[in-house]
Amino acid sequence: MNERLKKILSDKNDLKVLVVGDIILDEYIWGSVNRISPEAPVQVVECKSQNMALGGAANVANNLTSLGCKVYIVGAVGKDEKGDRVIELLKRMNIDSEGVVRDPLRITTNKIRVIAHGQQIIRIDNEDRRPLSGEVEKRVKEYIKRITPLVDGIICSDYNKGVVTEKVFRSIVHCGQRDKKMIIVDPKGVDFSKYKGVNVITPNEKELEAASPIKIQSEEDMERAVGYLFGLIHNDAILVTRGKDGMSLFEKDGKKTHIPTEAKEVYDVTGAGDTVTGVFGMAVFKGLSFIDSARLANMAAGIVVGKVGTAVVTNEELSNFIEDGHLLSVGNILSLDELKQVISLARNREKMIVFTNGCFDIIHGGHIEFLQKAKGLGNILVVGLNDDESVKRLKGEGRPMKSQSERANILSALKYVDYITIFSEDTPERLIQEIKPDILVKGDDYSIEEVVGRDIVERYGGRVELIPIVKGMSTSGFLRKVIERYDR
């Protein structure tokens with residue numbers, strides 16, 4: 001089975017997927033609580049950082065994109081600032097947003113989560129759950145009709161926020177059946193009869209119970225509830241996600257398979273259902289059986305709940321998980337948004353953050369000693385790594401010798417390095433502004449005044465440390481010696 005899963009991930013991914021549903025902007029406020037308000041008996045959260053992420057149907061789309069799929073998303077957002085941010089994030093993730101209608105009569109669905117000391121203490125929802133207006137509904141249907149022949153499958157992410165109206169859903173089913181496209185639905189609500197005509201639904205256990213007349217207190221109750229839905233929808237399979245108990249796949253021929261959870265440590269379950277639906281859909285559309293697709297989705301869920309906030313899973317993470325049953329070093333190579341979330345969590349636990357940056361083209365003994373000393377200054381060492389283009393600009397043609405992926409993987413294998421993030425600018429100023437390390441570290445071949453970002457760090461109360469470098473050791477010097485030795 002693992003060989004089939006690995007092949008799916010290693011093959012070139014030219015899959016095209018249509019995602020229809022409720023687009024949500026997830027906003028995170030990270031902080032700490034040290035006092036009670038004098039105005040009321042409530043906690044005062046001191047904000048440390050904020051970030052936004054794609055949620056709902058957009059998170060499904062983002063997971064698919066991270067796995068290499070070409071994704072077309074259709075839905076609606078408001079003509080407001082939050083809607084602008086959604087469109088910006090979709091474009092940044094290379095998700096085709098032509099099908100996203102800007103509706104001036106509704107607000108963009110926005111979930112604000114306040115997290116302190118690693119715990120979510122409150123969630124604030126801004127939303128308009130009214131069904132789409134006739135004009136917006138018409139535009140959504142027209143886009144579905146036009147794009148369906150171009151895709152390999154359809155995923156409907158219904159969060160019950162007004163986008164998946166009866167007419168929109170009938171359009172999905174009509175176009176999918178007309179063009180022989182598989183349809184997978186992440187359902188909501190109590191009336192699942194509206195999902196007639198789809199191939200697979202992926203409810204969680206609570207949603208399954210709400211949609212059936214059976215209170216689920218045992219495995220037998222679950223089977224009876226699933227049987228009721230099969231009779232109602234007449235679909236091919238039902239994949240029930242069950243949190244810490246994994247997931248259960250039921251197929252129309254009566255076959256049932258329970259898959260235990262793969263999660264080793266759970267930090268945050270936000271968006272895990274989106275990951276399951278996206279990964280399961282990708283695998284099914286690529287031709288895997290329902291059971292193999294469910295196993296792959298279960299692995300993806302095990303990875304994503306180990307991350308903080310709304311997150312996605314990558315091909316590389318899944319491949320490593322399949323190979324070894326756990327995340328390898330790639331797990332500490334993070335995007336800036338992921339890094340900010342991890343650092344916020346660490347800072348809430350009073351961890352000291354140390355930051356340094358560089359090209360790290362050819363790792364040598366001087367680098368190892370430098371990184372060891374840098375880590376000794378605090379609890380968590382973050383390395384900002386120049387991408388290939390910025391190394392070329394800084395070091396000239398012929399550099400880097402190793403790609404950014406190779407350099408990042410080598411760094412991630414060093415026990416002194418906790419996290420790596422790759423940046424494209426010539427200097428790390430933007431990174432430093434975003435993550436606000438407690439200590440900025442460079443080698444003593446610089447003076448304090450020459451250290452890029454010193455003014456930023458000192459402005460918010462951090463400090464700069466210079467570490468003695470090993471004399472006579474540099475990548476450029478090493479390369480010159482190699483050229484001299486072998487060019488005789």
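Looking at (1) farther than 25 Å from Cys47 by Cα; (2) at pLDDT 90 or above; (3) of a type in the set (A, V, I, L, M, F, W, C), which one does Met473 not meet, given that it meets all the others?
Just one mismatch for Met473, condition (2).
Quick grid of which residues meet (1) at positive phi; (2) at pLDDT 85 or above; (3) touching a Lys or Arg at 6+ places or on another chain (Cβ under 6 Å):
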| residue | (1), (2), (3) |
| --- | --- |
| Pro400 | no, yes, no |
| Gln404 | no, yes, no |
| Ser412 | no, yes, no |
| Glu429 | no, yes, no |
| Asp445 | no, no, no |
| Gly461 | yes, yes, no |
| Ile469 | no, no, no |
| Ile483 | no, no, no |
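Given the residues Ser157, Ser133, Ser171, Ser193, which is the only one that is of a type in the set (Ser, Thr, Tyr) and surrounded by 23 or more Cβ atoms within 10 Å (Cβ to Cβ)? Quick ask: steps written out before the conclusion?
Working: Ser133 fails: surrounded by 23 or more Cβ atoms within 10 Å (Cβ to Cβ); Ser171 fails: surrounded by 23 or more Cβ atoms within 10 Å (Cβ to Cβ); Ser193 fails: surrounded by 23 or more Cβ atoms within 10 Å (Cβ to Cβ).
Step by step, each of Ser157, Ser133, Ser171, Ser193 is checked, and only Ser157 is of a type in the set (Ser, Thr, Tyr) and surrounded by 23 or more Cβ atoms within 10 Å (Cβ to Cβ).
Being within 15 Å of Ile73 (Cβ to Cβ) and of a type in the set (Lys, Arg): is that true of Lys196 here? Please lay out each step first, then the result.
On the way: within 15 Å of Ile73 (Cβ to Cβ): no; of a type in the set (Lys, Arg): yes.
In short, no.
If we scan region 383-393, do we find a residue that is closer than 30 Å to Val114 by Cβ and touching a Ser or Thr at 6+ places or on another chain (Cβ under 9 Å)? So that I can check it myself, show each step before the final result.
Looking only at region 383-393, we keep the residues that are closer than 30 Å to Val114 by Cβ, and these are 383-384.
Imposing the further condition that a residue be touching a Ser or Thr at 6+ places or on another chain (Cβ under 9 Å) reduces the set to 383-384.
Yes, region 383-393 has at least one match.
Residues in region 372-429 that are of a type in the set (A, V, I, L, M), surrounded by fewer than 21 Cβ atoms within 10 Å (Cβ to Cβ) and either more than 27 Å from the chain's Cα centre (by Cα) or not assigned by TED's automatic domain parsing to the domain that holds Lys442 (or both): how many?
Here the count works out to 3.
Does at least one position in region 22-30 carry a residue that is modelled with pLDDT under 85 and part of a strand (DSSP E or B)?
Initial filter on region 22-30 (modelled with pLDDT under 85): 30.
Those left that are additionally part of a strand (DSSP E or B): 30.
Yes, because at least one residue in region 22-30 is modelled with pLDDT under 85 and part of a strand (DSSP E or B).
Based on this model, can you work out whether Gly384 counts as out of contact with any Gly (no Cβ under 7 Å at 6 or more places or on another chain) and modelled with pLDDT of 95 or more? Walk me through it before giving the result.
Numbers: out of contact with any Gly (no Cβ under 7 Å at 6 or more places or on another chain): yes; modelled with pLDDT of 95 or more: yes.
Considered against the rule, which asks whether it is out of contact with any Gly (no Cβ under 7 Å at 6 or more places or on another chain) and modelled with pLDDT of 95 or more, Gly384 comes out as yes.
Among the candidates Ile214, Ile238, Ile233, which residue alone is at pLDDT below 95, more than 28 Å from Val136 (Cβ to Cβ) and among the β-branched types (Val, Ile, Thr)? Walk me through it before giving the result.
Working: Ile238 fails: at pLDDT below 95; Ile233 fails: more than 28 Å from Val136 (Cβ to Cβ).
Within the list Ile214, Ile238, Ile233, the selection yields Ile214.
Taking region 354-371, which residues are assigned to a strand (DSSP E or B) and among the aromatic types (Phe, Trp, Tyr)?
Let us first name the residues in region 354-371 that are assigned to a strand (DSSP E or B), namely 354-358.
Of everything in region 354-371, just one residue is assigned to a strand (DSSP E or B) and among the aromatic types (Phe, Trp, Tyr), namely Phe355.
Restricting attention to region 157-202, which residues are over 15 Å from Leu239 (Cα atoms) and basic (Lys, Arg)?
Selection gives Lys161, Lys167, Arg170, Arg178, Lys180, Lys181, Lys194, Lys196.
For region 224-238, give me each residue that is charged (D, E, K, R) and not in a loop (DSSP other than H, G, I, E, B).
So in region 224-238, the residues charged (D, E, K, R) come out as 224, 236.
Arg224 - this is the single residue of region 224-238 that is charged (D, E, K, R) and not in a loop (DSSP other than H, G, I, E, B).
Mind listing whichever residues of region 33-81 are within 30 Å of Pro437 (Cβ to Cβ), modelled with pLDDT of 95 or more and in a strand (DSSP E or B)?
none
Do the conditions hold for Arg454, that is, is it loosely packed, with under 15 Cβ neighbours inside 10 Å and not aliphatic (A, V, I, L, M)?
Numbers: loosely packed, with under 15 Cβ neighbours inside 10 Å: no; not aliphatic (A, V, I, L, M): yes.
The answer is no for Arg454.
For region 108-208, which fully contained strands (runs of 3 or more DSSP E) count at least 3 residues that are among the β-branched types (Val, Ile, Thr)?
On the way: elements: 110-116, 119-126, 153-157, 182-186.
Because the criterion is at least 3 residues that are among the β-branched types (Val, Ile, Thr), the strands (runs of 3 or more DSSP E) in region 108-208 that meet it are 110-116, 119-126, 182-186.
Out of all the residues in region 176-202, which are farther than 19 Å from Gly153 by Cβ and of a type outside the set (Val, Ile, Thr)?
Hits for region 176-202 are Lys188, Gly189, Asp191, Phe192, Ser193, Lys194.
Quick one: which of Gly271, Gly309, Gly278 is under 15 Å from Pro203 (Cα atoms) and either at pLDDT below 75 or not assigned by TED's automatic domain parsing to the domain that holds Lys206 (or both)? Spell out how you get there, then give the answer.
On the way: Gly309 fails: under 15 Å from Pro203 (Cα atoms); Gly278 fails: either at pLDDT below 75 or not assigned by TED's automatic domain parsing to the domain that holds Lys206 (or both).
Selected residue: Gly271, the only one of Gly271, Gly309, Gly278 that is under 15 Å from Pro203 (Cα atoms) and either at pLDDT below 75 or not assigned by TED's automatic domain parsing to the domain that holds Lys206 (or both).
Yes or no: Lys256 surrounded by fewer than 17 Cβ atoms within 10 Å (Cβ to Cβ) and closer than 30 Å to Trp30 by Cα?
Details: surrounded by fewer than 17 Cβ atoms within 10 Å (Cβ to Cβ): yes; closer than 30 Å to Trp30 by Cα: no.
So Lys256 does not fit the description; no.
The values are calculated or read from the model by the stated rules, or taken from the named source; none is laboratory data. These figures come from a predicted structure and were not determined experimentally. Using ideal geometry, Cβ is built from the backbone for each residue, glycine included, and neighbour counts are taken over all protein chains shown.
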